[in-house]
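Written below as structure tokens is the structure these notes are about.
Coordinate-derived values only; no laboratory data. In this text, all values refer to a predicted model and were calculated from it rather than measured experimentally. Because the Cβ atoms are built from the backbone with ideal geometry, glycine has one as well, and the counts that use them run over all protein chains shown.
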Amino acid sequence: ILFLDTKHAVDRLTGDLLARGVLAAALHGGKSQPQRTRALARFRTGQVPVLVATSVAARGIHVDGLDLVVNVDPPADPKDYLHRSGRTARAGNPGSVVTLVTPKQRRAAARLMSEAGVQPRITRIRPGEAELRRITGARVPSGVPVHGT
């Protein structure tokens, strides 16, 4: 699951992923209930490997075997961070949470982690570096736009 702060950002990132050949679904409060149900069902079954969601829309989501959460927009509140993180590593299973932070966000992110009781492993990377792919498990997209999701 990729988390962003706004519905607009979720739609924009989902569109960008689809345009680059990454099968993704959007989940936020601006979607109808049938759209949200379908997106989550397709993610749970693995038909869609990437779910892009707002924090609010993701509340109550439980997906067995979810092993990675990526905070594209770091949350401002420690409770939101813990709630997002709680989507992974359930029932004793391993899981990872990656929070992408710009240089301007470092101080706020350090405070957030401290208040959440988390001691993060910090890795400084630049977009496109192999280390980012290693940490997130990302693969190079096909480049063939995905339609009709």
May I ask you to compute the full-extension gain from Thr136 to Leu23, defined as 0.36 nm times their residue separation minus their alpha-carbon distance, rounded to one decimal in nm? 39.1 nm
Stretchable slack from Gln35 to Gln105, in nm (0.36 nm times residue separation minus alpha-carbon distance): 21.9 nm
Can you run phi through the Karplus equation (6.51, -1.76, 1.60; θ = phi - 60°) for the stretch 134-141 and list ³J(HN,Hα) in whole Hz, with x for Gly and Pro? 5, 5, 9, x, 5, 10, 5, x
Going residue by residue through the stretch 16-26, the Karplus relation 6.51 cos²θ - 1.76 cosθ + 1.60 with θ = phi - 60° gives ³J(HN,Hα) values, rounded to whole Hz and with x marking Gly or Pro, of 4, 4, 4, 5, 9, x, 9, 6, 9, 10, 9
From a point 7 Å beyond the Cα of Ser96 in the direction of its Cβ, which residues of the stretch 130-149 have a backbone N at a distance under 12 Å? 131-139
Selection of GluC sites (Glu not before Pro), the stretch 72-136, meeting DSSP coil and at most 16 other Cβ within 10 Å: Glu129
For the stretch 33-89, which trypsin sites (Lys or Arg not before Pro) pass both filters: DSSP loop (anything but H, G, I, E, B) and at most 13 other C-beta atoms within 10 Å? Arg59
Helix-only mean residue ellipticity at 222 nm for the chain, each DSSP H run of n ≥ 4 adding -39500 (n - 2.57), per residue, nearest 500: -10500 deg cm²/dmol
Could you tell me which trypsin sites (Lys or Arg not before Pro) in the stretch 102-149 are loop residues by DSSP with no more than 13 other beta carbons within 10 angstrom of their beta carbon? Arg121, Arg124, Arg139
For P(r) over Cα pairs in 5 Å bins from 0, in percent, the choices are [x] 1, 8, 13, 13, 14, 13, 10, 8, 7, 5, 4, 2, 1, 0; [y] 2, 9, 18, 23, 22, 16, 8, 3, 0; [z] 2, 9, 16, 19, 18, 14, 10, 6, 4, 1, 0, 0; which was calculated from the structure? [y]
Going by the alpha-carbon gyration tensor, a ≥ b ≥ c the square roots of its eigenvalues, is the stretch 13-91 rounded (a/c under 1.5) or, if a/c is not under 1.5, prolate (a/b greater than b/c) versus oblate? rounded
On a full-extension model of 0.36 nm per residue, what is the gain between Val146 and Ser114, subtracting their alpha-carbon distance, rounded to one decimal in nm? 7.5 nm
